[in-house]
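Sending over a structure as structure tokens; questions will come in a sec.
The values are calculated or read from the model by the stated rules, or taken from the named source; none is laboratory data. Keep in mind it's a predicted model, so treat the numbers as computed, not measured. Reconstructed Cβ throughout: ideal geometry from the backbone, glycine too, with neighbour counts over all protein chains shown. Surface areas here come from the heavy atoms of the whole protein model, side chains and all, with no ligands, DNA or RNA. Shrake-Rupley method; radii C 1.70, N 1.55, O 1.52, S 1.80 Å.
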Amino acid sequence: LSSVMLNKNNTRALKGAGKAYKKLHKYDLAIKHLKSAISISSFDSEIYYELGLNHLLNASPEIAIKDFQKSIRLDKSNINAQIQLAIAHELSGEDSMAFSIYNKIIEDNPKSVITYNHLAGLYMQLGDFLSAKDIFTKILNINSKYSRGFLGLGICLDKLGKLPQAVRCYKKYISSKPKS
């Protein structure tokens, strides 16, 4: 904030203040500072990304969608912005758009475990545990040490009535995360 007070046109300081306020859960102040940063530098993908995150955290997914879209237009390789865009669509009740975004990310990045995990989570939310199970199996084929994959697979198998297989997955999860 001292840097902002010294120079109100300091984009880096405004961005930094926005990130600091986000950590303090003061999303309105974060948004205010990030909007000030955009008014100075409207071609910074990171500012739009941070703004989108704060709008999501402030329960405004529809506004966040616009910010993430701007961030992606400025930096098409930002997978995190793409994932957050899909999450914002989920929170807005636009599941088909979220599916489309996740599938596009996976098409471009077939080993993106995080994207697969979000996709599986969406299937689970919708009660499609068979599809989610298949996605968790893909995750574990990509990274056999991804403990959340075992947990997700266990939950799916449990919901599908395959208790012995579910217990095996739960045990693998617990052995990798004994304090969970």
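Roughly how many debye, to the nearest 20, is the charge dipole of segment 34-180 about its Cα centre, given +1 on each Lys and Arg Cβ, -1 on each Asp and Glu Cβ, and no other charges? Don't skip to the answer; put the middle values down first.
Working: 18 positive and 14 negative charges, 184 e Å.
Dipole size: approximately 880 debye.
Ok, one more. Leu126 versus Leu160, label points 7 Å from Cα toward the beta carbon: distance in nm?
1.7
Here is a follow-up. Say R0 is 30 Å: what FRET efficiency, to the nearest 0.05, do Lys35 and Ile79 get from their beta-carbon distance?
0.75
Between Ile63, Ile38, Tyr173, whose Cα lies farthest towards the positive end of the dipole of the chain when Lys and Arg beta carbons carry +1 and Asp and Glu beta carbons carry -1, centred on the Cα centre?
Tyr173
Then there's this: Could you tell me the number of lysine pairs in segment 26-158 with C-alpha atoms less than 21 Å from each other, where the two lysines are 8 or more residues apart or belong to different chains?
Final tally of qualifying lysine pairs is 17.
A follow-up question, please. Only one of the values [x] 44, 18, 12; [y] 37, 17, 14; [z] 85, 20, 10 was calculated from this structure for semi-axes √(5λ) of the Cα gyration tensor in Å; name its label.
Only one option fits the structure, namely [y].
Let me ask another. Top mean-square fluctuation among Glu90, Glu46, Glu107, Gaussian network model of the chain, C-alpha springs under 10 Å?
Comparing Glu90, Glu46, Glu107 in a Gaussian network model of the chain, the most mobile one is Glu107.
Let me ask you something else. Which of rounded, prolate or oblate describes segment 123-180 when judged by the alpha-carbon gyration tensor and an a/c cut-off of 1.5?
Since a/c reaches 1.5 but b/c is at least a/b, the shape of segment 123-180 is classed as oblate.
Rounded, prolate or oblate: pick one for segment 76-145, where a ≥ b ≥ c are the square roots of the eigenvalues of its C-alpha gyration tensor, a/c under 1.5 means rounded, and failing that, prolate if a/b is larger than b/c, else oblate.
Oblate.
How much of the accessible area of the chain, probe 1.4 Å, is carbon plus sulfur, in whole percent?
54
Can I ask one more? As I understand it, the value is the acute angle between the Cα axis of helix 61-74 and the longest principal axis of the Cα atoms of the chain; what does it come to in degrees, rounded to 10?
80
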